[in-house]
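Written out below as structure tokens is the structure these notes cover.
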Amino acid sequence: MEKFTKLTARAVPLPLNDVDTDMILPAQFLTSTSREGFGEKLFRRLRDTDASFPLNQEKFSDGQILIGGRNFGCGSSREHAVWAIAGGGFKAVIAKSFADIFYNNSAKNGLLLVTLADAVIDRVLADAHSGQYEVTVDLEKQTVNLPDGSAFSFDYDPFRKHCMLNGLDDIDYILSHKSKIDQFRRQQDNNRFFSTLGN
């Protein structure tokens, strides 16, 4: 998993509430268990039916921070939706709120989700339409900085923060404690051995 520490990037506005995982990645594209290739299917239905959809506009082509509304990522628990967002070049999503399962899936896959107050999101959504709006997300300090110099703090789970800062998925995290695990196993083996001798 790629490390996330601090990112300054163009913001892409998606002024919609209740963006579900089928909207993010339509069900007909759930054809693989590999993480590769889903980026081009991101918001495919909306992109095919709305020429003005943000991801169809050249000014947002290099955006890496997606700005959403309430209840982003609701619907089914498909992890593929997270893969599609990451495959589409996004490293962070800032929204008013997120569905719980989507939030957990994102953290495990290196996609940072940030929740900010409604008024702040509304302001960012309005200003980001210019296509020249850059936002800085600092995970270490847990702040979002806007172009006008204003800064807003956000909460983030300490364990997930540690994993994101160090580029560790769940398996990597376990392996990072391999020496302690091996030591514990040796101790358990020794205890069983001496317990056998005592009998």
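The values are calculated or read from the model by the stated rules, or taken from the named source; none is laboratory data. Please read these numbers as outputs of a predicted model, since none were measured by experiment. No Cβ is skipped: glycine too gets one built from the backbone with ideal geometry, and neighbour counts run over all protein chains shown.
Here are the numbers for the structure shown:
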quantity	calculated
Qualifying residue in region 126-142 (condition: part of a helix (DSSP H, G or I), over 17 Å from Pro13 (Cβ atoms) and among the charged types (D, E, K, R))	no
Test: residue in region 153-167 that is surrounded by fewer than 16 Cβ atoms within 10 Å (Cβ to Cβ) and assigned to a strand (DSSP E or B)	yes
Residues of region 1-45 satisfying the condition of being polar (S, T, N, Q) and outside any loop (DSSP other than H, G, I, E, B)	Thr8, Thr21, Gln28
Filter pass, Thr115 being surrounded by fewer than 16 Cβ atoms within 10 Å (Cβ to Cβ) and either of a type in the set (S, T, N, Q) or within 17 Å of the chain's Cα centre (by Cα) (or both)	no
Check on Ala86, in the same structural domain as Pro147 (by TED's automatic domain parsing), touching a helix residue (DSSP H, G or I) at 6+ places or on another chain (Cβ under 7 Å), outside any loop (DSSP other than H, G, I, E, B) and closer than 29 Å to Phe159 by Cβ	no
Selection status of Phe98, buried (at least 16 other Cβ atoms within 10 Å of the Cβ), in contact with a Leu (Cβ under 7 Å, 6 or more places away or on another chain), modelled with pLDDT of 95 or more and under 16 Å from Lys6 (Cβ atoms)	no
